[in-house]
Amino acid sequence: MKFFVDTAEIDQIRELHALGMVDGVTTNPSLIAKSGRDILGVIKEICEIVEGPVSAEVVALEADAMIAEGRKLAAIAPNIAVKVPLTWDGLKACKVLSGEGNMVNVTLCFSANQALLAAKAGATFISPFIGRLDDINIDGLDLIADIRTIYDNYGFDTQILAASIRSANHMSECAKIGADVATAPPSVIKAMANHVLTDKGLAGFMADVAKAGIKIL
Ligand code: E4P
């Protein structure tokens with residue numbers, strides 16, 4: 001499973017990228033707003049750090065305007081994935097932009113039917129939002145599994161980009177289901193390293209190091 005990092009914070013992207021943890025980046029208007037940066041400038045900087053797909057989201061609601069914005073975003077760098085919302089206009093924009101050879105990430109997906117439509121419209125990535133479904137007591141992981149089944153049934157090559165990930169458990173469950181990509185905030189990717197028994201085991205080893213005065217350097 002590829003890891004995308006869900007942030008527009010340059011320092012955090014650099015840190016995870018240096019460890020080989022970043023196969024791509026996703027942003028959305030809220031993350032851009034949080035960064036306090038101009039969208040074109042921050043996306044360009046991210047594309048200079050990361051070789052993989054960098055999702056940059058349109059802000060228009062009507063198809064023609066989305067297409068114009070998408071073209072402008074795609075011109076920033078060859079690794080841009082234009083992100084469009086899963087609306088009828090977004091699907092029209094997806095069809096045109098993907099037909100022009102751009103990567104397109106269709107976002108705000110909350111149902112298997114929406115994912116089917118995005119694949120038919122030529123999406124490179126479909127972004128089902130796990131956490132926001134969990135928030136309304138619908139198991140977001142079930143949606144990932146349903147889309148996996150449907151895409152495999154028909155050989156769609158749209159990649160499942162599990163989004164709105166809130167926990168390390170979401171990451172391992174997505175990997176078990178077979179999501180192609182998971183995008184997560186840096187804090188979640190770091191939390192994947194944590195285990196209470198690791199902490200306990202290390203504390204025991206350190207106690208013995210102190211007791212025996214073990215030194216390596
Ligand atoms: C990424 O593409 C999504 O925009 C993001 O994962 C949404 O996450 P949230 O539901 O935590 O805002």
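Of note:
- The Kirkwood hydrodynamic radius of the stretch 43-163, based on inverse pair distances between different Cα atoms, is 14.4 Å.
- Excluding exposed DSSP-loop GluC sites (Glu not before Pro) (at most 14 other C-beta within 10 Å), longest clean stretch of the chain: 101-217
- Accessible-area order (highest first, 1.4 angstrom probe) of the listed residues D180, D135: D135, D180
- Bridge type composition, the stretch 2-186 - antiparallel percent by DSSP, nearest 5: 0
- Taking the helices alone, the chain has a mean residue ellipticity at 222 nm of -15500 deg cm²/dmol, built from -39,500 (n - 2.57) per DSSP H run of at least 4 residues and averaged over all its residues.
- The heavy atoms of M192 present about 80 square angstrom of accessible area, all protein chains included, probe 1.4 Å.
- Projected onto their three principal axes, the Cα atoms of the chain cover extents of 71, 38, 30 Å, largest first.
- Within the straight-line cut-off of under 16 Å between alpha carbons, the aspartates and glutamates reachable from K2 are D23, E51, D157, E173, D180, sequence neighbours fewer than 8 places apart in one chain being disregarded.
- DSSP H segments from the chain that extend 18 Å or more along their own axis, Cα-based, with Kyte-Doolittle mean of -0.5 or above: 140-154, 196-212
- Taken along its principal axes, the alpha carbon cloud of the stretch 115-214 reaches lengths of 65, 29, 20 Å, longest axis first.
- Comparing mean-square fluctuations of T149, T124, T27 from a GNM of the chain with C-alpha springs under 10 Å, the top value falls on T149.
- Here the contact order of the stretch 2-186, divided by its residue count and restricted to Cα pairs under 8 Å and six or more residues apart, works out to 18 percent.
- Accessible area of the chain belonging to carbon and sulfur atoms, whole % at 1.4 Å probe: 57
- Eligible lysines near K72 by straight Cα distance, threshold 20 Å, same-chain separation 8 or greater: K44, K83, K92, K95
- Surface analysis of the stretch 1-122 yields an accessible area of 45 Å² per residue, using protein heavy atoms and a 1.4 Å probe.
The values are calculated or read from the model by the stated rules, or taken from the named source; none is laboratory data. If you're wondering where the values come from, they're calculated on a predicted model, not measured in any experiment. Neighbour counts run over all protein chains shown; Cβ positions are idealised from the backbone, glycine included. In case anyone asks, the SASA skips ligands and DNA or RNA and just uses the protein heavy atoms, side chains included. Shrake-Rupley method; radii C 1.70, N 1.55, O 1.52, S 1.80 Å.
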